[in-house]
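The values are calculated or read from the model by the stated rules, or taken from the named source; none is laboratory data. For clarity, every value in this text was computed on a predicted model and none was experimentally measured. Ideal geometry is used to build each Cβ from the backbone, glycine not excepted, and the neighbour counts take in all protein chains shown.
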Amino acid sequence: MSLYIDDISPGVTTLGPGNRIGLWLQGCTLRCPGCMSPELFERKESCRQKVREVFRQLLAYAPDHTGLTISGGEPFQQAPALKKLLLLVQEYTSLDILIYSGYTLAELQRGPAEVAAVLPLVDVLIAGRYRRDLPTSKPWLGSRNQILHLLSRRAQMDKKYKNAIPRDLPSLEVRVKENNKLDLIGIPRPGDRARFRDLLLQRGIELKK
Ligand code: SF4
């Protein structure tokens with residue numbers, strides 16, 4: 001069984017509490033206007049990896065991390081392989097599992113059985129379409145309509161989720177990768193991209209997209 005993945009990144013601090021591994025999956029048919037990751041709408045055959053291979057990479061990072069954040073793309077559009085991956089993560093690591101989904105919790109619960117079967121393996125679900133007309137300063141949410149669901153007992157007991165204060169948390173990380181590409185990791189607030197572009201331009205760097 002395989003997953004279409006875009007990237008695995010260690011040390012993510014903007015998509016959930018603690019020090020997290022970020023896993024980005026490819027493919028999303030929901031197409032929210034203003035989506036931050038339109039390059040992940042399509043799946044690429046060259047990016048298909050066996051679930052065990054994806055897990056092997058996560059396992060290597062796991063000892064230095066508190067959680068795994070899965071985003072996309074729409075993770076639940078690869079539900080069977082996602083379930084297989086989460087079973088391995090649960091069995092062999094202590095990472096808490098946070099998933100971003102464009103679907104609401106109700107949509108997932110009444111969806112196909114293979115989709116609903118993933119939910120018991122998830123600690124935290126951030127659910128709902130991205131709405132650029134509904135900005136929010138709540139930690140980790142992209143827009144005001146989205147809901148953070150603490151699904152597991154572990155998440156409900158975790159003060160880092162309940163007591164999170166937006167101003168204490170970074171919302172966006174910028175990373176320069178080996179190939180000189182920039183990765184923006186986190187939730188840009190309205191105007192962040194334009195401000196970032198202007199700051200770079202002042203230093204003689206032009207962003208191509
Ligand atoms: S569900 Fe997520 S990945 Fe899909 S279009 Fe909406 S914001 Fe983008």
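Looking at (1) within 16 Å of the ligand (Cβ to nearest atom); (2) within 16 Å of the chain's Cα centre (by Cα), which one does Glu42 not meet, given that it meets all the others?
Status for Glu42: all satisfied but (2).
Inside region 90-104, can you point out the residues that are under 15 Å from Phe55 (Cα atoms) and either crowded, with 22+ Cβ neighbours inside 10 Å or not β-branched (Val, Ile, Thr) (or both)?
Gln90, Glu91, Tyr92, Ser94, Leu95, Asp96, Ile97
Could you tell me which numbered condition Ile8 fails, if it satisfies all but one of (1) at negative phi; (2) at pLDDT 95 or above; (3) surrounded by fewer than 16 Cβ atoms within 10 Å (Cβ to Cβ)?
All conditions are met except number (3).
Just need a number here: residues in region 128-163 that are in contact (Cβ under 8 Å) with a residue 40 or more places away in the chain, in a loop (DSSP other than H, G, I, E, B), away from the ligand (no atom under 12 Å from the Cβ) and closer than 25 Å to Ser37 by Cα.
Count: 3.
Give the residues of region 73-108 that are in contact with an Asp or Glu (Cβ under 8 Å, 6 or more places away or on another chain) and either in contact (Cβ under 8 Å) with a residue 60 or more places away in the chain or part of a loop (DSSP other than H, G, I, E, B) (or both), sorted by residue number.
Gly73, Pro80, Asp96, Leu98, Gly102, Tyr103
Hey, could you check region 110-132 for residues that are out of contact with any Phe, Trp or Tyr (no Cβ under 6 Å at 6 or more places or on another chain) and of a type in the set (Val, Ile, Thr) and say which is farthest from Gln156 (Cα to Cα)?
Val118
Is it fair to say Glu74 is over 16 Å from the mean Cα position of the chain (by Cα) and either within 16 Å of the ligand (Cβ to nearest atom) or at pLDDT 95 or above (or both)?
Answer is no for this residue.
Given the residues Leu58, Leu86, which is the only one that is modelled with pLDDT of 95 or more and over 11 Å from Ile8 (Cβ atoms)?
Result: Leu86 is the single residue among Leu58, Leu86 that is modelled with pLDDT of 95 or more and over 11 Å from Ile8 (Cβ atoms).
Return yes or no: is Pro170 touching a strand residue (DSSP E or B) at 6+ places or on another chain (Cβ under 6 Å), modelled with pLDDT under 75, under 21 Å from Gly22 (Cα atoms) and of a type outside the set (Gly, Ala, Ser)?
no
Would you check if Ser137 is buried (at least 16 other Cβ atoms within 10 Å of the Cβ) and of a type in the set (Gly, Ala, Ser)?
no
Can you tell me which residues in region 34-55 are closer than 27 Å to Tyr130 by Cα, at pLDDT 95 or above and in contact with a Lys or Arg (Cβ under 9 Å, 6 or more places away or on another chain)?
Phe41
State which residue is farthest from the ligand (Cβ to nearest atom) when the search covers only region 45-71 and only residues that are under 28 Å from Ala113 (Cα atoms) and of a type in the set (Gly, Ala, Ser).
Per the stated criteria, the residue is Gly67.
Examine region 107-120 for a residue that is under 16 Å from the mean Cα position of the chain (by Cα), more than 16 Å from the ligand (Cβ to nearest atom) and surrounded by fewer than 24 Cβ atoms within 10 Å (Cβ to Cβ), and state whether such a residue exists.
Looking through region 107-120, at least one residue is under 16 Å from the mean Cα position of the chain (by Cα), more than 16 Å from the ligand (Cβ to nearest atom) and surrounded by fewer than 24 Cβ atoms within 10 Å (Cβ to Cβ).
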